[in-house]
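The values are calculated or read from the model by the stated rules, or taken from the named source; none is laboratory data. Keep in mind that this is a model prediction, so the values were computed, not measured. Cβ placement follows ideal geometry from the backbone for every residue including glycine, while neighbour counts extend to all protein chains displayed.
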Amino acid sequence: MSTLNSVEYEQGYQEIMNISKGIMKGKDAVVLFYSEGPTESPFTIPCIQFTDSWYVAHSENILYRTAYSHFLKMKKADKADFFRFIHSAGPLDENNCSKDLENRRIYMDTQNNIVYSMNDQYAGNSVGLKKHSMRLAINKSGKEGWLCEHMFVMAALDEEKNRKTYFCGAYPSACGKTSTAMIPGEQIVGDDIAYFRNIDGEFRAVNVEFGMFGIIKDVNAQDDPVIFKNLMMDQEVIFSNVLRGPDNKPYWLGMGVEAPEEGHNHFGEWKKGIKDETGKEVGVAHGNARYTMRLDYLDNIDKKGFEAKNGVKVDGVLYGGRDSDITVPVEESPNWKDGILIKAATLESETTSATLGKEGVRTPSPMANMDFVSYPLGTYTLNNIKFGESVKDTPRIFSNNYFMRDEQGHFMTSKLAKKVWLHWAEGRIHGEYDAYDTPTGKIPHYEDLRILFRKHLDEEFTKEKYDYLFTFRCTKWIEKLERTKAYYQKMDPNTPKEIFDYWDATIARISKARDAYGDLILPGTYKG
């Protein structure tokens with residue numbers, strides 16, 4: 001990708017070797033053996049972590065499956081095929097924080113599947129099996145014909161029909177990924193990273209991880225009851241950047257519990273009202289505070305799917321973004337290729353008043369994976385298309401948007417409405433609902449949603465609300481596609497022409513629909 005921050009191999013190698021020399025002197029060097037995915041399975045990627053941080057070691061012991069015995073059983077031909085992560089926090093200050101910031105470096109050697117991370121402690125850069133491993137896996141999968149995606153794996157349950165349907169889903173940050181994976185009444189297999197492989201012609205997925213590493217801000221008993229209950233129990237959990245109160249208990253932002261007025265947090269010794277060096281008041285906890293815990297603590301885990309060495313067969317893939325006035329809450333793609341190019345590649349996240357910068361700015365986020373794609377974006381997009389089309393029973397693709405607002409700026413549905421959108425998708429997979437066509441896919445009939453809202457939420461869903469939510473907005477969709485084209489041109493000028501041609505053809509189809517039906521097309525009126 002033209003925007004990759006890269007250096008010549010020898011230059012980078014020499015720099016990181018010079019910085020690394022003697023960096024662990026006087027410390028314990030910890031060597032850890034893990035597996036990405038279940039051990040001894042078609043998905044397994046063995047990994048070794050070198051570190052001088054017990055935080056890194058403890059985190060990975062919770063997050064990943066130990067694999068020393070797997071290494072012992074590896075065949076001679078495979079013994080060089082594993083990921084390596086070499087980390088040191090470097091010299092520490094009086095607060096045990098890395099202090100040699102001038103020599104902080106993170107280098108990814110894609111030729112040898114090694115990541116070097118020196119003079120840092122931020123989990124995203126130090127816990128090698130998390131995001132570093134994901135970048136290596138995406139690069140590896142691109143060469144080998146499988147996929148590594150920034151997705152949850154979950155099961156939607158229909159107890160009346162004794163039916164379990166597996167979905168994977170990708171959502172940019174703050175767009176509903178974890179809350180979808182944790183919808184009450186459904187089951188979770190994994191919340192963050194999935195590997196996809198074609199096994200005997202089936203599209204199969206595993207959760208790469210054994211635990212979950214989540215943002216703890218706004219986790220509370222009302223919105224996240226299963227996670228909150230486990231965080232409050234007397235069991236192994238790592239809390240980072242929270243407040244440790246005088247009672248030695250953790251407190252965080254949005255916890256829904258009254259916090260003490262003093263304690264210890266990322267700032268050091270903290271009291272309510274204390275200000276930092278810029279004069280800004282320091283909150284109870286950091287906004288990016290985290291928790292690390294085992295997934296099998298959760299009551300709603302799908303144990304069979306979680307432990308399956310051949311993964312689970314995926315029937316549906318969800319791509320969810322955030323916008324206030326373009327994308328309908330749920331829409332099915334007509335086919336896999338269309339789903340990747342019109343649902344996945346066009347994903348955007350709209351800034352809100354709660355985020356830094358200007359409100360209403362739409363940030364492109366193809367496949368919700370841009371922080372981790374480690375080879376050209378256009379090729380990665382084509383590989384997504386090719387993989388899905390290589391299996392016998394290709395999953396259905398659906399888009400989600402939980403953030404539509406009315407003309408007064410109010411959200412149109414509750415947080416729990418995502419259960420309805422999920423179960424409409426589940427029903428479509430099993431041939432239970434008809435749908436209306438739009439220029440970009442298929443949307444629900446009002447009567448089906450009315451019944452689903454009553455069944456799952458005991459709520460009335462009005463026709464007026466339905467019409468507003470599911471109106472197709474032609475000009476806004478054309479603008480969205482033009483933004484996607486510009487983003488791909490910027491990130492990968494060598495994106496294959498066939499991708500741009502597909503978007504141009506879609507824009508032409510929407511323009512034709514606008515000429516025939518007007519800019520706003522009510523559900524059920526579009527006839528192609």
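The table below gives the values:
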{"quantity": "Qualifying position, being over 25 Å from residue 337 (Cβ atoms) and basic (Lys, Arg), among 419, 497, 490, 442", "calculated": "419"}
{"quantity": "Residue that is nearest to residue 97 (Cα to Cα), among those in region 40-65 that are among the β-branched types (Val, Ile, Thr) and free of Cβ contacts under 8 Å to residues at least 40 places away in the same chain", "calculated": "48"}
{"quantity": "Qualifying strands (runs of 3 or more DSSP E) (wholly inside region 180-297; at least 1 residues being charged (D, E, K, R) and crowded, with 16+ Cβ neighbours inside 10 Å)", "calculated": "194-199, 202-207, 290-294"}
{"quantity": "Subset of region 243-291 (residues that are free of Cβ contacts under 8 Å to residues at least 40 places away in the same chain, touching a His at 6+ places or on another chain (Cβ under 9 Å) and not aromatic (Phe, Trp, Tyr))", "calculated": "244, 245, 253, 265, 266, 282"}
{"quantity": "Residues of region 319-345 satisfying the condition of being hydrophobic (A, V, I, L, M, F, W, C), farther than 13 Å from residue 170 by Cα and either assigned to a loop (DSSP other than H, G, I, E, B) or within 16 Å of the chain's Cα centre (by Cα) (or both)", "calculated": "326, 328"}
{"quantity": "Single residue of 181, 156, 89 found to be in contact with a helix residue (DSSP H, G or I) (Cβ under 6 Å, 6 or more places away or on another chain) and either among the charged types (D, E, K, R) or in contact (Cβ under 8 Å) with a residue 24 or more places away in the chain (or both)", "calculated": "156"}
{"quantity": "Hits in region 430-457 (condition: closer than 22 Å to residue 155 by Cα and surrounded by fewer than 19 Cβ atoms within 10 Å (Cβ to Cβ))", "calculated": "430, 431, 432, 448, 451, 454, 455, 456, 457"}
{"quantity": "Count of residues meeting criterion [within 25 Å of residue 491 (Cα to Cα), outside any helix (DSSP H, G or I) and hydrophobic (A, V, I, L, M, F, W, C)] in region 372-397", "calculated": "3"}
{"quantity": "Qualifying residue in region 153-164 (condition: surrounded by 20 or more Cβ atoms within 10 Å (Cβ to Cβ) and within 11 Å of the chain's Cα centre (by Cα))", "calculated": "yes"}
{"quantity": "Of all residues in region 365-408 being among the basic types (Lys, Arg) and within 27 Å of residue 444 (Cα to Cα), the one that is nearest to the chain's Cα centre (by Cα)", "calculated": "396"}
{"quantity": "Residue in region 91-102 that is in contact with a Pro (Cβ under 7 Å, 6 or more places away or on another chain) and either farther than 30 Å from residue 420 by Cα or surrounded by 14 or more Cβ atoms within 10 Å (Cβ to Cβ) (or both) present", "calculated": "yes"}
{"quantity": "Answer residue from region 312-326, given it is touching a Gly at 6+ places or on another chain (Cβ under 8 Å) and farther than 30 Å from residue 409 by Cβ and is surrounded by the most Cβ atoms within 10 Å (Cβ to Cβ) among those", "calculated": "317"}
{"quantity": "Helices (runs of 4 or more DSSP H) contained in region 458-528 and holding at least 3 residues more than 29 Å from the chain's Cα centre (by Cα) and loosely packed, with under 13 Cβ neighbours inside 10 Å", "calculated": "497-517"}
{"quantity": "Residues of region 13-25 that turn out to be under 16 Å from residue 102 (Cα atoms) and either at pLDDT below 95 or outside any helix (DSSP H, G or I) (or both), as a count", "calculated": "2"}
{"quantity": "Residue 371 vs. criteria surrounded by fewer than 22 Cβ atoms within 10 Å (Cβ to Cβ) and at pLDDT 95 or above", "calculated": "no"}
{"quantity": "Tally, over region 29-59, of residues that are buried (at least 21 other Cβ atoms within 10 Å of the Cβ), within 25 Å of the chain's Cα centre (by Cα) and within 19 Å of residue 119 (Cα to Cα)", "calculated": "3"}
{"quantity": "So residue 375, is it under 20 Å from residue 316 (Cβ atoms) and of a type in the set (Phe, Trp, Tyr)", "calculated": "no"}
